[in-house]
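The values are calculated or read from the model by the stated rules, or taken from the named source; none is laboratory data. Predicted model, so just to flag it, every value in this text is computed and none were measured. A quick note on method: Cβ atoms are made from the backbone with ideal geometry, for glycine too, and the neighbour counts reach across all protein chains shown.
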Amino acid sequence: MTWLLLPLCLALGAPVTLDQPTPVDAVRLTDRDTTGKLGLYGLGLGLEIPMVGLQMGTGSSSDFGTGYTFGVAASWEFQEKIALRVYGAGGEAFGSRIWVQYQEGGEIIRSEQEGSWLGVEGGIGATYLFRGVLPTWVPYLGLDIGPHLHGYFYRFDETLEKLEGVDEESTVEGWTKNSVNLSFKLGLRAGIRMETLSWLASSLELGFGLTRIDNANISGTIEAREVQGEAENLWTLRLVYSIYLGI
């Protein structure tokens with residue numbers, strides 16, 4: 001409409017003022033609290049749910065396998081670029097190959113067996129948000145630490161049938177034999193968040209974790225044979241997608 005009236009204004013000598021488009025940064029600020037914190041009311045409180053993804057890893061001597069992970073986290077952006085969070089997660093990996101050791105004739109015998117990995121974790125973390133780098137996308141780095149309850153569930157082959165406990169009913173066909181222990185896990189995250197609305201965002205991140213498995217006794221085996229999973233360090237790699245809801 002402005003362009004249709006422009007010739008008439010020029011003919012009459014009237015001043016002409018053209019509306020300027022609103023800058024991108026201004027648009028983003030009007031959809032958020034002036035503090036810059038993500039959230040419906042600018043409080044910086046948020047919930048990441050769900051956190052789902054794929055994971056893989058490797059151990060000092062074992063093959064971790066591949067599987068899935070899921071979790072949830074609550075966070076607080078007490079500053080525009082720094083957030084603290086409390087999280088919980090779990091997951092499973094399949095196709096694991098694990099070394100088992102046991103006593104035989106006064107010697108320690110090693111055998112590689114098939115199994116799966118299962119674990120749950122929780123803890124606290126901190127995230128640094130690189131706001132202002134891109135208009136809508138926010139890269140970030142995070143660090144987490146917390147307790148980790150995890151271990152392997154074994155499926156012995158016929159060579160280790162002699163180690164099965166006499167009171168166990170289903171052994172070779174089932175997944176009843178396990179060695180689960182409690183340790184600590186250190187995690188490093190790098191990702192990017194897309195802030196769609198003042199209270200809604202989604203993110204894709206790559207997480208690297210380091211934990212440890214102790215040589216705990218394997219359940220469902222003869223105690224005198226001291227059947228154990230080997231102690232080792234375990235490195236995991238996760239690709240996680242999450243949805244962020246803020247208030």
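Computed quantities for the displayed model
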| quantity | calculated |
| --- | --- |
| Hits in the stretch 223-247 - residues which are of a type in the set (A, V, I, L, M) and touching a residue at least 60 places away in the same chain (Cβ under 8 Å) | Ala224, Val227, Leu234, Leu237, Leu239, Val240, Ile243, Leu245, Ile247 |
| Which listed residue is in a strand (DSSP E or B), within 19 Å of Ser202 (Cα to Cα) and among the β-branched types (Val, Ile, Thr), from Val138, Val133, Val120, Val100 | Val138 |
| Residue list for the stretch 92-117, filter: closer than 30 Å to Leu188 by Cα and free of Cβ contacts under 8 Å to residues at least 40 places away in the same chain | Glu92, Ala93, Phe94, Gly95, Arg97 |
| Leading residue by the ranking (farthest from Arg85 (Cα to Cα)) among those in the stretch 178-229 that are among the charged types (D, E, K, R) and part of a loop (DSSP other than H, G, I, E, B) | Glu226 |
| Ile124 being out of contact with any Ser or Thr (no Cβ under 9 Å at 6 or more places or on another chain), without any contact (Cβ under 8 Å) to a residue 60 or more places away in the chain and under 25 Å from Leu163 (Cα atoms) | no |
| Lone qualifier among Glu114, Glu107 - being acidic (Asp, Glu) and closer than 23 Å to Met56 by Cα | Glu114 |
| Within the stretch 192-214, considering residues that are among the hydroxyl-bearing types (Ser, Thr, Tyr) and modelled with pLDDT under 95, the one farthest from the chain's Cα centre (by Cα) | Ser198 |
| Residue within the stretch 172-195 that is surrounded by 14 or more Cβ atoms within 10 Å (Cβ to Cβ), in contact (Cβ under 8 Å) with a residue 12 or more places away in the chain, acidic (Asp, Glu) and under 17 Å from Ser116 (Cβ atoms) present | no |
| Subset of the stretch 38-68 [farther than 16 Å from Leu204 by Cα and assigned to a strand (DSSP E or B)] | Leu45, Gly46, Met56, Gly57, Thr58, Gly59, Asp63, Gly65, Thr66, Gly67 |
| Matching entry among Leu84, Leu149 (being touching a residue at least 24 places away in the same chain (Cβ under 8 Å), surrounded by 14 or more Cβ atoms within 10 Å (Cβ to Cβ), closer than 20 Å to Arg238 by Cβ and within 20 Å of the chain's Cα centre (by Cα)) | Leu149 |
